[in-house]
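Undergrad: Here's a structure for you.
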Amino acid sequence: MTPVAMHVATAFSYFAIPVEILWFLATMSKRRHLLPPGAEALTCGFAAFIGACGVHHLALAHELRAGWPYPGAMSLPDSIMTILSVGTAAVAPLIMRRAIDFYERAMDIQAGLLRLHDAREDMRDALSVLVSRTGRATER
């Protein structure tokens with residue numbers, strides 16, 4: 001495989017990843033409450049960065065094919081890729097912290113619901129014992 005073909009194949013792979021990511025977000029739109037706050041923004045930033053990497057590889061393939069030894073020919077794709085990667089990397093820790101907090105709150109809620117369920121079962125068992133001892137059900 002030639003270097004041009006490798007860059008083109010890599011570029012199309014980089015273009016497929018954002019499509020899959022955006023498809024995932026579209027699928028999750030009905031379940032948006034399951035996503036942590038900021039997850040959509042981070043995911044879109046990551047998809048844009050990956051797409052920019054694809055543009056970068058296409059530009060490299062074109063440069064190799066055309067034999068462009070021009071300085072600055074890659075400046076625009078490199079600049080876009082740099083801005084998106086630095087921006088996504090800068091925001092990612094903030095969003096990840098929010099995602100962890102979201103997950104911890106969800107786990108606390110789930111634990112509370114399990115405690116309520118257990119208490120309900122205990123009350124049901126106690127009522128069954130009471131009914132079996134008295135021989136009749138008490139009125140509510």
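Undergrad: Select, from THR88, THR82, THR10, the only residue that is among the polar types (S, T, N, Q), under 17 Å from the mean Cα position of the chain (by Cα) and in a helix (DSSP H, G or I). If you could, list the steps in order and put the result at the bottom.
TA: Details: THR82 fails: under 17 Å from the mean Cα position of the chain (by Cα); THR10 fails: under 17 Å from the mean Cα position of the chain (by Cα).
Just one listed residue meets the conditions, THR88.
Undergrad: Would you be able to tell me the number of residues in segment 1-51 that are within 24 Å of GLU104 (Cα to Cα), at pLDDT 80 or above and among the small types (Gly, Ala, Ser)?
TA: Of the residues in that region, 1 qualify.
Undergrad: Say we look at segment 101-112 and pick out the residues that are within 15 Å of LEU34 (Cβ to Cβ) and of a type in the set (A, V, I, L, M, F, W, C); which of these is modelled with the lowest pLDDT?
TA: PHE102
The values are calculated or read from the model by the stated rules, or taken from the named source; none is laboratory data. In this text, all values refer to a predicted model and were calculated from it rather than measured experimentally. Cβ: placed from backbone, ideal geometry, glycine included. Neighbour counts: every protein chain shown.
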